[in-house]
Amino acid sequence: MSAFSSLGKTLKEAFQRFLASPSADRNAVEELVRGVQRSLLVADVRVELVSKLSERIKERALAEKLPPGVSRKDHVAKIVYEELTSLLGRKPVKLSPDGKKPYVVMLLGIQGTGKTTTAAKLANYLKTSGYKVGVVCADTYRPAAYVQLQQLLKPRGVEVYGEPGVSDPVEIARRGVEFFRTMGVDFIIVDTAGRHRSQEELMDEMRRLGKAIQPDENILVIDGTIGQQAGVHAAAFHEAAPVGSIIITKLDTSAKGGGALSAVAETGAVVKFIGVGEAVEDFEPFNPGGYVASLLGMPDIESLVERVRTAEVEMDEERMKTILTGRFTLEDMVSQLSSLTKLGPLKKILGKLSLPGMDALSDTEFEKAEERIKKWTAVVKSMTAKEKQEPAIIDSSRIRRIARGAGVSERDVRELLKSFQASRKMMKDRKIRQILRQGRGRA
């Protein structure tokens, strides 16, 4: 049974039992948590991680205040969804050239991960997405690799560069990248030899390859059947070469798929694709939210989650009224901003308010704003109650203490204080308050 079906079957059963229970009381929540624990442990997710996650689900389910118009079961469903997606990475991340042509990708990994097949799958995926792709075979330790790539990609119209009989992978990679560069391709995929993290000579070769071809992104290919060990391999390779993203293979045959996904997520690496079969077409972008929805047997759960999050923001109506009068604290301001980000991308949410100047802001500026809100939330949590109410007392020594406690720079703290003062000053402007009230009415 595959990782998707085995993990999904046990999680779905636990979730459906909870939804079918007469009430969402403490006993029902605790039974749900035990079911989630069993499912994740069987899927080889690390015990400590399962323990922390289940405690968070239980604590939030029993302690959080219900938003208006939301049932306890829907609220718990949203909590389970959020905690499971946080375990795997909250948002899907695309492989995008970002305007660079060609975009050079170097594949890394240990022996036996299915790296060469993955190179073919990735090339085929990009080609069917409308890109012109070239593949360089720089694996000189396995002569069959070049033949394999030719067999898989020639029928699909993707050219493969290789130099059978040549023993220097660095020179092959360099010449191959240059060859495809002159052809004007969009993506160049460089397939390298498999290596173990303890093989220093091969790890050094990987460093030399990176220096020679200067890839735009290193992608680590990991076998889903190794479970928790995936995190160890990801960390080891990242020390030798900066790993930009990860592809996990063989999830269709592994009962340890959940362990591999969660272990990799713990390293902070981004899983961009997963292999779900032997065919070249059995390859897809990894969507954490969609993956969790399929595990829970609720394909429409994301719409439920958005509805609950909307209700949570509406619950903060009194705090918003305080902000509109200009009489608000640091905590009021940051809490309201944080509540907005729970609904989704900041650009999408603020766009609903029809505020002047919103269309002129770029996606990058909105992403920076979301990152700033995260830092400000940590800063406020690091403050004393008096500092939140009276920010004027925050001097240089307090700023240093707050920054250390929040894990941010002193500049971030000063930026928050400056923005707070500017916001209070702005909210005293009657025209600004009128525009914001009108925007809220249209949202």
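The values are calculated or read from the model by the stated rules, or taken from the named source; none is laboratory data. The structure presented is a predicted model; accordingly, all values stated were derived computationally and were not measured. All Cβ positions, glycine included, derive from the backbone under ideal geometry; neighbour counts span all protein chains shown.
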Of the residues in the range 61-106, those that are within 30 Å of residue 184 (Cα to Cα), crowded, with 20+ Cβ neighbours inside 10 Å and modelled with pLDDT under 80 number 0
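Can we say residue 111 is of a type in the set (S, T, N, Q), within 24 Å of residue 226 (Cβ to Cβ), touching a residue at least 40 places away in the same chain (Cβ under 8 Å) and surrounded by fewer than 21 Cβ atoms within 10 Å (Cβ to Cβ)? First the steps, then the outcome.
On the way: of a type in the set (S, T, N, Q): yes; within 24 Å of residue 226 (Cβ to Cβ): yes; touching a residue at least 40 places away in the same chain (Cβ under 8 Å): yes; surrounded by fewer than 21 Cβ atoms within 10 Å (Cβ to Cβ): yes.
Yes; evaluated as a whole, the condition is true for this residue.
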If we scan the range 25-45, do we find a residue that is modelled with pLDDT of 90 or more, farther than 21 Å from residue 292 by Cα, among the acidic types (Asp, Glu) and not in a helix (DSSP H, G or I)?
-> yes
Of (1) in contact (Cβ under 8 Å) with a residue 60 or more places away in the chain; (2) assigned to a loop (DSSP other than H, G, I, E, B), residue 85 fails just (2)
Identify, from the list 113, 118, the residue that is out of contact with any helix residue (DSSP H, G or I) (no Cβ under 8 Å at 6 or more places or on another chain), in a loop (DSSP other than H, G, I, E, B) and more than 16 Å from residue 308 (Cα to Cα).
-> 113
